Structures are given as structure tokens and as C-alpha cells.
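The values are calculated or read from the model by the stated rules, or taken from the named source; none is laboratory data. Predicted model, so just to flag it, every value in this text is computed and none were measured. A quick note on method: Cβ atoms are made from the backbone with ideal geometry, for glycine too, and the neighbour counts reach across all protein chains shown. When the accessible area is computed, the model is the full protein with side chains, heavy atoms only, and any ligands, DNA or RNA have been set aside. Shrake-Rupley method; radii C 1.70, N 1.55, O 1.52, S 1.80 Å.
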Amino acid sequence: MGDLSIMIITMIVIGVAIIMSVTQKIQADLLKEKTLENDRIAGELAVLRSQINPHFFFNVLHTIYGLTEIDTDRAREAIYTLSHMMRYVLYDTRQQSTTLEKELHLIDSYRQLMQLRLPEHVQVFFNRPEFPVNAPLAPMLLLPFVENAFKHGISTVQPSHIYISAKLCQGMLRFEVRNTLFAEPAKETDEGSGIGLANTRRRLDLIYPGKYKLTVKEDRELQEFRIELQIALT
């Protein structure tokens, strides 16, 4: 083998080594960048989750406080319901994922609790699957929409309604909340107003990027405020 051939082979070997080294460096940098991005997202989600619980409990305790002044028996019932909800919110939602069935059960408990102090002219409907749905879902993702409906969609003097629906078809969750839309918006009742929906929208962006569709509508003709959420859970 001549000197020229040896030189060519040597240059090829060196070139391959350089390419492999550069490739490994790029891969390492991308992995580091991905890790930092995951850490940033995890940190932001932790902050968002920490905002949910105080906001949720503030609204529930406000309702129970109102019951203590008018109906102590119902207040005791509300406290019992709240204790079960607290166990789920404080412990089961620490994980990144829960099940749709548990989230729907939480919504049902919240609905029952809120209805303890509603007048007869307020109608609440909850349409959900009759069978258990164990599809994975990020915790406390749906409840803020229901909270918002109870906060702004009912009146102590006017007929009003809230409609909640959850359907799962071929891995696609379709969640809908409709409530009465009044001519004048309800006055804000707590400092956390608005946190829930903004928080949830941001969590959707982080957890289900490109996999969800959120539609918010005001239908003046039907006098309804409507939220429609679709999430691909598979």
C-alpha cells in the first residue's frame, strides 16, 4: 500500500472520528437542553398545581360558611363531603396522572356540595358515562370549568341552569360545561377569581400540546356561556 493510500485512509478515519465526536456533542447538548426544558416545565406545573388547591378550598369553604348560618345539618353534610374531597386533592393529585373516573367523581362531589345551598329555580345537570372510565388524565384539570359555572352561572333570584357533560369515545375526551349567561356579569366574590381558568389553559398547553382544543363561547341568543374541551387521551 502506497503512502498516498495510507494518507487517504488516515484522513478518512480522522474525518469519521471528528464526525462521531461532533455528533455525540450535539446529542449531548440536545439531551441537556431537553432535560432543562423538562425541568422547567415540571417546575411551572408544580407552581400551577400549588395555585389550584388554595383556590379550590377557598371556594368550597366559602360555601360551607354560608351554610352554617342557615342550615347546620347541611353544613355538617358539606364538611363530610369536603373531607373526602380533601383526601383526594391533597394526596391523589400529587402524581402527574390520575384517572378520568376519579376526576368525574370529584366533580360530582363538588356538584352535590354546591347544590346544598342552591334555590329550587337553579337546575344542575351532570351527564357522565355510566361505567367506570380509567383513562389517564392530569389531575384537577376539569374542575375549574365547573367552578367557574357555579360562580358566574347561577342567580339567587333568576331561573338559571348549569349543564355538565363528559364523554369518552375512542380515546377522545369531550367535556362540556354550559351555564346561564346574564345581562350583567356576576360580581367577583374572591381574590382568586380568574386564576382557575387561566391556570387550566396554561396546564393544557404544557401537558397536552397539540392534543387538545378549547372553545369558549358566549351565546347571547340562547343566554348561555359555553366551554367545550376536547383532549386526545391516547
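Please work out if Val146 is buried (at least 20 other Cβ atoms within 10 Å of the Cβ), touching a residue at least 40 places away in the same chain (Cβ under 8 Å), within 16 Å of Gln115 (Cβ to Cβ) and of a type outside the set (Phe, Trp, Tyr). In short, no.
Restricting the search to the range 149-165, which residues are of a type outside the set (S, T, N, Q) and buried (at least 16 other Cβ atoms within 10 Å of the Cβ)? If the condition is that a residue be of a type outside the set (S, T, N, Q) and buried (at least 16 other Cβ atoms within 10 Å of the Cβ), then Ala149, Phe150, Lys151, His152, Gly153, Ile154, His161, Ile162, Tyr163, Ile164 are the ones that fit. Scoring Leu204 on the criteria (1) modelled with pLDDT of 90 or more; (2) in a helix (DSSP H, G or I); (3) touching a helix residue (DSSP H, G or I) at 6+ places or on another chain (Cβ under 7 Å) leaves a single failure, condition (3). Of everything listed in (1) surrounded by 16 or more Cβ atoms within 10 Å (Cβ to Cβ); (2) touching a strand residue (DSSP E or B) at 6+ places or on another chain (Cβ under 6 Å), the single unmet condition for Asn134 is (1). In the range 195-221, which residues are farther than 18 Å from Leu181 by Cβ, open to solvent by 70 Å² or more (accessible area, probe 1.4 Å) and either touching a residue at least 12 places away in the same chain (Cβ under 8 Å) or touching an Asp or Glu at 6+ places or on another chain (Cβ under 8 Å) (or both)? Scanning the range 195-221 gives Arg201, Arg202, Lys211, Lys213.
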